[in-house]
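Undergrad: I have a structure here, written as structure tokens, and I will follow up with some questions on it.
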Amino acid sequence: MQKREIKEKLSSLNLIRIGTSGSLQREIPVDSFVFSKFGLGLDGLLNFYRLPNTEVEKEIIEAFRKHYPNEGILALPYLSSCSPKLEDKLSEGMFKGITASCSGFYAPQGRVLRYELARPNFIETLHSFKSGDNRITNFEMETGAMYGLATILGHHCCSINAIVANRITNEHTHKAEETMDRMIETVLDRIAAEL
């Protein structure tokens, strides 16, 4: 019988996102893989939840606010970490860093289509950010929210991206499907090795 009540014993799930992304660092080439050590949310979603932060996460958030003092939603970034357990199992040989999660595909990622950008230097701002050894390696639209919600709900979460474009060198992949297949096989092989 269904009671629609919260279970007494909650399950902790392993959530693994695999997708595509744009690189924000010159040395992270197209067709490489990035494992997101942190998700930096620029979409505002987790500002509506009580998200606990570690001291390292707080330092990165504060450094970003100082690096990019701005009005509006970008003045309220949030940050959450990947699951260390999944990082140990899946990240070998991949680039690691902060993945910025934007609120959309066009202007929020610096693309221009028949309109003027409100923040024309946004890509350079993300590219030049550094907090200790941590820098923004790539951007997309999902990782920040996923990491934050997984943290709140007690799940293990990670995000792995195939780089299909380098926004600093303006290079684009010519073999996206092959790169995605290779990434999927790599991740599935590593998951299967742990079973």
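No lab work stands behind these numbers, since they all come straight from the coordinates. For clarity, every value in this text was computed on a predicted model and none was experimentally measured. Quick reminder, even Gly has a Cβ in these numbers, built from the backbone with ideal geometry, and neighbours come from all protein chains shown.
Undergrad: Listing Thr143, Thr169, Thr186 from the residue with the fewest other Cβ atoms within 10 Å to the one with the most, what is the order?
TA: Thr169, Thr186, Thr143
Undergrad: If you don't mind, another one. Which pairs in the list Lys37/Lys58; Lys37/Lys89; Lys9/Lys58; Lys9/Lys89 are over 23 Å apart, alpha-carbon to alpha-carbon? Write out the running numbers ahead of the final one.
TA: On the way: Lys37/Lys58 15 Å; Lys37/Lys89 13 Å; Lys9/Lys58 30 Å; Lys9/Lys89 26 Å.
Where the Cα-Cα span goes over 23 Å, the pairs concerned are Lys9/Lys58; Lys9/Lys89.
Undergrad: Kindly provide the helix-only [θ] at 222 nm of the chain, computed as the sum of -39,500 (n - 2.57) over DSSP H runs of four or more divided by all residues, to the nearest 500 deg cm²/dmol?
TA: The per-residue figure over the chain is -9000 deg cm²/dmol.
Undergrad: To continue, here is another question. Rounded, prolate or oblate: which fits the chain, taking a ≥ b ≥ c as square roots of the Cα gyration tensor eigenvalues, rounded meaning a/c under 1.5, else prolate when a/b beats b/c?
TA: oblate
Undergrad: Then there is this: Take Asp133 and Arg190, extend 7 Å from each Cα along the Cα→Cβ direction, and tell me the distance between the two endpoints in nm.
TA: 1.7 nm
Undergrad: A follow-up question, please. Kindly write out, for segment 24-33 in residue order, the coupling ³J(HN,Hα) from the Karplus curve 6.51 cos²θ - 1.76 cosθ + 1.60 (θ = phi - 60°), rounded to whole Hz, with x marking Gly and Pro.
TA: 10, 10, 3, 7, 9, x, 4, 6, 9, 10
Undergrad: Please report the relative contact order for the chain, taking Cα pairs under 8 Å with a sequence separation of at least 6, and give it as a percent rounded to a whole number.
TA: 40 percent
Undergrad: How would you order 149-160, 128-139 from highest to lowest mean count of nearby Cβ atoms within 10 Å?
TA: By packing density, highest mean first, the sequence is 149-160, 128-139.
Undergrad: Right, another one. Using the beta-carbon distance between Tyr115 and Glu62 and R0 = 25 Å, what value does 1/(1 + (r/R0)^6) give for FRET efficiency, to the nearest 0.05?
TA: Rounded to the nearest 0.05, the efficiency is 0.20.
Undergrad: Turning to a different aspect of this structure: In the chain, what % of DSSP beta bridges are antiparallel (nearest 5)?
TA: 40 percent
Undergrad: By its C-alpha gyration tensor, with a ≥ b ≥ c as the square roots of the eigenvalues, how is segment 130-195 shaped: rounded for a/c under 1.5, else prolate for a/b larger than b/c, else oblate?
TA: oblate
Undergrad: For segment 1-93, rounded, prolate or oblate, judged on the Cα gyration tensor with a ≥ b ≥ c (square roots of eigenvalues), a/c < 1.5 rounded, else prolate if a/b > b/c?
TA: Oblate shape, in that a/c is at least 1.5 and b/c is the bigger or equal ratio.
Undergrad: At a Cα cut-off below 13 Å, give the aspartates and glutamates reachable from Lys85, other chains included and same-chain residues fewer than 8 away excluded.
TA: Glu194
Undergrad: Turning to a different aspect of this structure: Mind ranking 78-90, 52-64 by how tightly packed they are, going by the mean number of other C-beta atoms within 10 angstrom, highest first?
TA: Details: 78-90: 19.8, 52-64: 15.2.
The packing order, highest mean first, is 78-90, 52-64.
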